[in-house]
Amino acid sequence: MPTTRPAKTDDIPQLTDLLLAGARRRHSADPILWALAGNAHAEVAKALTHALAAENQPFRQSWIVAREGTTLTGVAHTMSVPVPPIYAAEIPPGLILPDTTLTEDAPDGTLDALLDAAEADLRAGGARTLLASHVPGDGLQTALNQRGYASLTLYLSRTDLGDRDPARPVRPATDADIPGIVARSAEHRRIIAEIDPFWTTHPEADTRFAAWMRRSLTLTDRDMLVTGAPEMQGYAIAQPASRLHFPPSHPITGIGVIDDFYHTDLADPAHLADNGAGAASLLCAAEAALARRGVGAAFVVCPAEWPSKVGLLHQAGYTTAMEWLVKR
């Protein structure tokens, strides 16, 4: 069985090359979403130096390497995931990140050894729930499924934004829309909590979400959209991507995320209402808002077990670009 240990600063040159090889594989699968940073080598080395040497870390993270002699044959990257304040989890779950990767000639058993070490690291950090993320084609999914991980969240992507017009009216949100957004968000939260207890709602979720929506209205880097009159039927927030989903080898400029996205057409997780016309219009408007900002690709975050929403996104041309799985 290959040996594993925590990464050290002396590993940074080999680790950088290993991570860049993984980044090139993602880039070859989707060169727009997984664009390579022009200074990717320097960005990866800088991120590794900070992670392995800096005393004040913004969150708990670990890099674990597998080796054969003096050669690194693989790496696993773990972190404690910050829990959004609208959810009830008191202890952050632990996440195995998608930049976990192996060399092409890694010995048999290397991935299992790394995953064993990654899970042990997360448990030692206090995590009760384990998450793992992977990009289709990276070779991780089968190994994760065999370890009891089940699909939790899909990150569906589209790279030809702004080529469709909404069929129904969609407008920018205002402060007067906050109560309606919060009411629809409560429906959304109820649905996802029924889909999986991972999304159990915090008792003060409405108040916390309303405060965040008012704050979001003051932020100039995003578009908040609503549809439906006289009663609001849906809302969407189109915002910049965060570094959480993208290793430092990939730039996040030009990538958007549509995370808060709900419409009453999606209220039945099994079946779209009204052929999803209202939800599709809201999605089109969010895409157009991103396109106007020069965004070339977007993620939409969606629970894996929400067939009506997944189906709507597939009809709109989205495909799964990343998946989060859960093991309890």
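Let me check against my output: what whole-number percent is the relative contact order of region 3-148, with C-alpha pairs under 8 Å and at least 6 apart? Spell out each step's value before the answer.
Working: 210 pairs, mean separation 34.3, N = 146.
Relative contact order for region 3-148 comes out at 23 percent.
Quick one: Leu266, Leu72, fewest Cβ neighbours within 10 Å first, how do they rank? Display every interim value, and only then the final one.
Values: Leu266 25, Leu72 20.
Ascending number of Cβ neighbours within 10 Å: Leu72, Leu266.
Could you give me D for region 3-148, from Stokes-Einstein at 4 °C and 1.567 mPa s, where the hydrodynamic radius is the Kirkwood radius over C-alpha pairs? Units µm² s⁻¹, please. Kindly include the intermediate steps, with their values, before the conclusion.
Details: Rh = 16.0 Å.
Rounded, D is 81 µm²/s.
Measuring from a point 7 Å past the Cα of Leu217 along Cα-to-C-beta, which residues in region 154-191 have an amide N at less than 16 Å?
Taking a point 7 Å out along Cα→Cβ of Leu217, the residues of region 154-191 whose backbone N falls under 16 Å are 171-185.
Could you tell me the center-to-center distance, by alpha carbons, between region 18-43 and region 203-260 in angstrom?
Using only Cα atoms, the two centres lie 26 Å from each other.
By how many nm would the segment from Asp165 to Arg328 lengthen if fully extended, with 0.36 nm per residue of separation less the alpha-carbon distance?
Working: separation 163, 0.36 × 163 = 58.68 nm, distance 4.23 nm.
Extra length from Asp165 to Arg328 when fully extended: 54.5 nm.
If the reach is capped at under 21 angstrom between alpha carbons, list the lysines near Lys8, excluding any in the same chain fewer than eight residues apart.
Lys46
Restricting to Cα pairs below 8 Å that are 6+ residues apart, what does the relative contact order work out to for region 260-316? Please round to a whole percent.
Details: 43 pairs, mean separation 22.7, N = 57.
40 percent.
When a/c reaches 1.5 or more, the comparison of a/b and b/c decides; with that in mind, is region 158-320 rounded, prolate or oblate per its Cα gyration tensor?
On the way: a/c = 1.21, a/b = 1.16, b/c = 1.04.
Since a/c stays below 1.5, the shape of region 158-320 is classed as rounded.
Students often get this wrong: which residues of region 145-163 have the backbone nitrogen under 12 Å from the point 7 angstrom along Cα-to-C-beta of Ile91?
Under 12 Å, as judged by backbone N against the label point of Ile91, lies no residue of region 145-163.
In straight Cα distance, which aspartates and glutamates are under 15 Å from Lys327, not counting same-chain residues fewer than 8 positions off?
Asp116, Glu119, Asp121, Asp196
We did not get these values from a lab; they are worked out from the coordinates using the rules stated. What you are looking at is a predicted structure, and each value in this text was computed from that prediction instead of being measured. Glycine gets a Cβ as well: all are built from the backbone with ideal geometry, and neighbour counts include every protein chain shown.
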